[in-house]
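The values are calculated or read from the model by the stated rules, or taken from the named source; none is laboratory data. What you see is a predicted model; the values in this text were computed from it and never measured. Note that each Cβ is placed from the backbone with ideal geometry, even for glycine, and that neighbours are counted across all protein chains shown.
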Amino acid sequence: MRLLRHIFWLAIAVAAAVCLGGVALYRGEHINSIWLVLAAACTYATAYRFYGKWLATRVAVLDDRRATPAERLRNGHDYEPTNKWILFGHHFAAIAGPGPLVGPVLAAQFGYLPGTLWIVIGAVLGGAVQDFILLFASMRRDGKSLGQMAREEIGKLGGFAALVTVLLIMVIMLAVMALVVVNALRGSPWGTFTIAATMPIALFMGLYLRYWRPGKVLECSLIGFLLVATAIFAGRTVAESATLAPWFTLSGMTLALAIVVYGFFASALPVWLLLAPRDYLSTFVKLGVVTMLAAGVLFVRPELQLPAFTRFTDGTGPIFAGKIFPFCFITIACGAVSGFHSLIASGTTPKMIAKESHARPVGYGAMLLESFVALMAMIAASSMSPGVYFAVNSPAGVVGTAPAAAVATISGWGFPVSVADMTTLARDVGERSLFSRTGGAPSLALGMAHIFARTGGGRALLGFWYHFAIMFEALFILTIIDAGTRVGRFLLQDLLGQVSKPLGRTSWMPGVILSSGLIVSAWGYFLVQGVRDPLGGINSLWPLFGIANQLLAAIALCLATTILLKTHGLKYVWITCLPLVWLVTVTFTAGGQKLFSRAPAIGFWAQAGKLSAALRAGPVADAASTRTLIFNARLDAVLCGALLSLVAAILLDSLRAWTGILRHTRKTALSEAPFVASQLRAGEL
Amino acid sequence: MKDWRRFCKLVVGLLRELADENAYVRYLKAHGREPSGEEWRRFSDERLRRKYTRAKCC
């Protein structure tokens, strides 16, 4: 039996190596997506079985005899021992946001191969390791947060820098996510109507849950889902109506302002009325759609139309400028390594783990599943015709506003596409135009719609599936905006409370309004900046977001390294040091290029310099807009520099701490909670 | 058949956990109370207050 098991795992490991090698080396006409799926699945299985298990037994030394915080501090609220598979789903639902869907779609401009390899290898050796170690560390410290642990294990500077970095990342994240929604809904009456309809539906759900059927969340979410599906069907009628369509055909700027106003109200209104019901609905829709996408890819097994590498690996890409190194690894953060996960792994999840051994499936396993979702997004994008992919994702500032000019430019890159192709596709999905619909969401929706349509409904339902996918993306991005603005408001009120006590009170309405207004203005400014940017905004904002997210991962890995150093000395530090060194190299290279590159398409200062020179040289078409663009480029540079400085400070602080630990000049005791024997039996869960 | 039933039970358990319905049952049990609109509102307010002080992942 044991021999058979060895043979089985050997076969899986060999299959992983063969499939990955095959995918990496194959240069034929087209490759079927099933090879990518097989390569990833076998790699994940091997990594989980061997590397994950080794981390759990030898490095973390998980001990089921030790009571977890969920058992020791059980209070029925935060601390509650939970079945491991339920917690797995709970944790996965918390970590899987729009990032793993949008990032791979954008990174596909380099071809399907670089992003795919990074998604698979990055997750196995970096992302899952970070999530697992952080979850383990927090579990051993009564469920403490990243900031608290950084303060205790590294030093006060680490804790403070983590807090400020989180606030800055949230501002950028909210802006870039809102920009994705704006670009998806711009000039689309069908999509705009559907998303607008989710607001009264959410209000209805809020009242339903609060007063009519209290506590019936699943029932209420099912009704909400049926109403949203009806809204998607009704959206086609609205888009075809000469009277109604103009009401829902909005410009980018109008949509941006609408989202800013919405964000303000969502932050200031009672949470049960709008935010909570939408959050329930979006969680269920998210899990359902991700399952559908995986099933669809396995059923349809689409051929990848994009090449393994495109010509844009040299840094001249239309979607965002910059070479494959470092920008591919910045563009895909969630799905490979995401710093934001460390906040979840040190948030709710450690307080719900029943047995220490559950940290492996929950921490390591859920990250592998998220990586698989990112791979699905990469397949959905790569299975589109390359010409269509670039026509949808290239900003008008690069390919021109006229369809004929755009197709000529894109065909000139070696990706043939015609105006007729794009017109037919737009008609099929119920859009007026699909040119320059930047941000990743529309092209992902197109890819998903094609996969869903091939599993059921055919071309007749392409429009429905496209708008279903847009609704799905917008719904949970807006939920992140609601919740993020609210969390940002609380963080800010914490800070303002140091200056004036009433401003810190979350129940004092003037304080709530002021802090909500400040947070909304901060991300709203970057959103408007993205909308005004002639290159579509994604070019500048997505790399900033990627850099910020990976820098947070660097903070988490610094903490993980410190803990490993205190526990085992130098023996196992390579586990977290390797991904840390890689992330620091990638983010500091990308950050350095965004700051100092002489190419205006990449460097913020170079961009500001080029525009300033144009202003000085003579009259420009719109001097006021040009001045705003110059200011924005300088602001982005300052923000990027601030993020890099914060993380450099944490790195130096960590290095100081590590040297102290190795020289025995610093205390090496861990801040773990003392051992208490577990009384929990498996049957109780 | 048994495995299938166990799987369905797990899925329903997950959905109820995500919907906070399990947490509500635990809350009622812990406080020895009966379900009612007032209890749900009390539980929900506390639950949501804690939930939305934490960042959501991207």
Of the numbered conditions (1) without any contact (Cβ under 8 Å) to a residue 24 or more places away in the chain; (2) part of a helix (DSSP H, G or I), A:Pro214 fails exactly one; give the number of that condition. (2)
Please work out which residue is surrounded by the fewest Cβ atoms within 10 Å (Cβ to Cβ), limiting yourself to region A:35-87 and to residues that are within 14 Å of another protein chain (Cβ to nearest Cβ), in contact with a Lys or Arg (Cβ under 9 Å, 6 or more places away or on another chain) and hydrophobic (A, V, I, L, M, F, W, C). A:Leu73
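For A:Gly127, are the conditions met, namely being crowded, with 24+ Cβ neighbours inside 10 Å, within 30 Å of A:Pro395 (Cα to Cα) and within 14 Å of chain B (Cβ to nearest Cβ)?
Against the criterion (crowded, with 24+ Cβ neighbours inside 10 Å, within 30 Å of A:Pro395 (Cα to Cα) and within 14 Å of chain B (Cβ to nearest Cβ)), A:Gly127 does not qualify.
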Please find, within region B:21-55, the residue that is farthest from A:Ala94 (Cα to Cα) out of those that are hydrophobic (A, V, I, L, M, F, W, C) and facing chain A (nearest Cβ under 7 Å). B:Ala30
Kindly indicate whether any position in region A:292-305 is in contact with a Leu (Cβ under 8 Å, 6 or more places away or on another chain) and modelled with pLDDT of 90 or more. yes
Please find, among A:Ala553, A:Ala522, the residue that is small (Gly, Ala, Ser), buried (at least 24 other Cβ atoms within 10 Å of the Cβ), out of contact with any Phe, Trp or Tyr (no Cβ under 7 Å at 6 or more places or on another chain) and in a helix (DSSP H, G or I). A:Ala553
Here the residues within region A:500-529 that are among the small types (Gly, Ala, Ser) and under 19 Å from A:Pro270 (Cα atoms) are A:Gly504, A:Ser507, A:Gly511, A:Ser515, A:Ser516, A:Gly517
Testing A:Ser540 on (1) within 13 Å of chain B (Cβ to nearest Cβ); (2) hydroxyl-bearing (Ser, Thr, Tyr); (3) part of a helix (DSSP H, G or I), one condition comes back false. Which one is that? (1)
Out of (1) over 30 Å from A:Leu179 (Cα atoms); (2) free of Cβ contacts under 8 Å to residues at least 12 places away in the same chain; (3) under 9 Å from the mean Cα position of the chain (by Cα); (4) facing chain A (nearest Cβ under 7 Å), the one B:Leu14 does not meet is (3)
Of the listed residues (A:Phe92, A:Phe110, A:Phe160, A:Phe132), the one being in contact (Cβ under 8 Å) with a residue 40 or more places away in the chain, aromatic (Phe, Trp, Tyr) and surrounded by fewer than 24 Cβ atoms within 10 Å (Cβ to Cβ) is A:Phe92
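Residues of region A:324-342 being out of contact with any Leu (no Cβ under 6 Å at 6 or more places or on another chain) and within 11 Å of another protein chain (Cβ to nearest Cβ), which ones? Can you show your working first?
So in region A:324-342, the residues out of contact with any Leu (no Cβ under 6 Å at 6 or more places or on another chain) come out as A:324-330, A:332-338, A:340-341.
Those that are out of contact with any Leu (no Cβ under 6 Å at 6 or more places or on another chain) and within 11 Å of another protein chain (Cβ to nearest Cβ): A:Ala333, A:Cys334, A:Gly335, A:Ser338, A:Phe340, A:His341.
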Among the residues of region A:271-287, is there at least one that is of a type outside the set (Val, Ile, Thr), out of contact with any Ser or Thr (no Cβ under 6 Å at 6 or more places or on another chain) and more than 12 Å from chain B (Cβ to nearest Cβ)? no
Lone qualifier among A:Leu87, A:Leu62 - being among the aliphatic types (A, V, I, L, M), in contact with a His (Cβ under 9 Å, 6 or more places away or on another chain) and within 30 Å of A:Asp279 (Cα to Cα): A:Leu87
Here is a check on your reading of the model: is A:Ile480 under 18 Å from the mean Cα position of the chain (by Cα), within 30 Å of A:Cys577 (Cα to Cα), within 14 Å of chain B (Cβ to nearest Cβ) and part of a helix (DSSP H, G or I)? no
Hey, among A:Ala150, A:Ala161, which residue is modelled with pLDDT under 95, among the small types (Gly, Ala, Ser) and more than 24 Å from A:Tyr572 (Cβ to Cβ)? A:Ala161
Working carefully through the options A:Thr626, A:Thr585, A:Thr668, find the one that is touching a Lys or Arg at 6+ places or on another chain (Cβ under 8 Å) and of a type in the set (Ser, Thr, Tyr). A:Thr668
Hey, does region A:494-510 have a residue that's away from chain B (no Cβ under 14 Å) and modelled with pLDDT of 85 or more? yes
Members of region A:584-613 that are surrounded by fewer than 14 Cβ atoms within 10 Å (Cβ to Cβ) and among the small types (Gly, Ala, Ser): A:Ala613
What about A:Phe136, is it within 14 Å of chain B (Cβ to nearest Cβ) and aromatic (Phe, Trp, Tyr)? no
Quick one: B:Gly13 ticks every box in (1) assigned to a helix (DSSP H, G or I); (2) exposed (fewer than 14 other Cβ atoms within 10 Å of the Cβ) bar one, so which box is it? (2)
Yes or no: A:Ser612 without any contact (Cβ under 8 Å) to a residue 24 or more places away in the chain and within 20 Å of A:Gly397 (Cβ to Cβ)? yes
Could you grab the pairs with beta carbons closer than 7 Å, sequence gap of 6+ or different chains, first residue in region A:181-193 and crowded, with 24+ Cβ neighbours inside 10 Å and at pLDDT 90 or above, second one assigned to a helix (DSSP H, G or I) and among the basic types (Lys, Arg)? A:Trp190/A:Arg236
Given the conditions (1) out of contact with any Phe, Trp or Tyr (no Cβ under 7 Å at 6 or more places or on another chain); (2) among the aliphatic types (A, V, I, L, M); (3) modelled with pLDDT under 90, and given that B:Leu48 satisfies all but one, which numbered condition is not satisfied? (1)
A:Ile119 passes all but one of (1) surrounded by 24 or more Cβ atoms within 10 Å (Cβ to Cβ); (2) facing chain B (nearest Cβ under 8 Å); (3) not basic (Lys, Arg); which number fails? (2)
Counting only residues that are closer than 26 Å to A:Arg236 by Cβ and in contact (Cβ under 8 Å) with a residue 40 or more places away in the chain, how many does region A:391-441 have? 15
Screening A:Ala623, A:Ala613, A:Ala608, A:Ala677 for residues that are among the small types (Gly, Ala, Ser) and under 35 Å from the mean Cα position of the chain (by Cα) leaves only A:Ala608
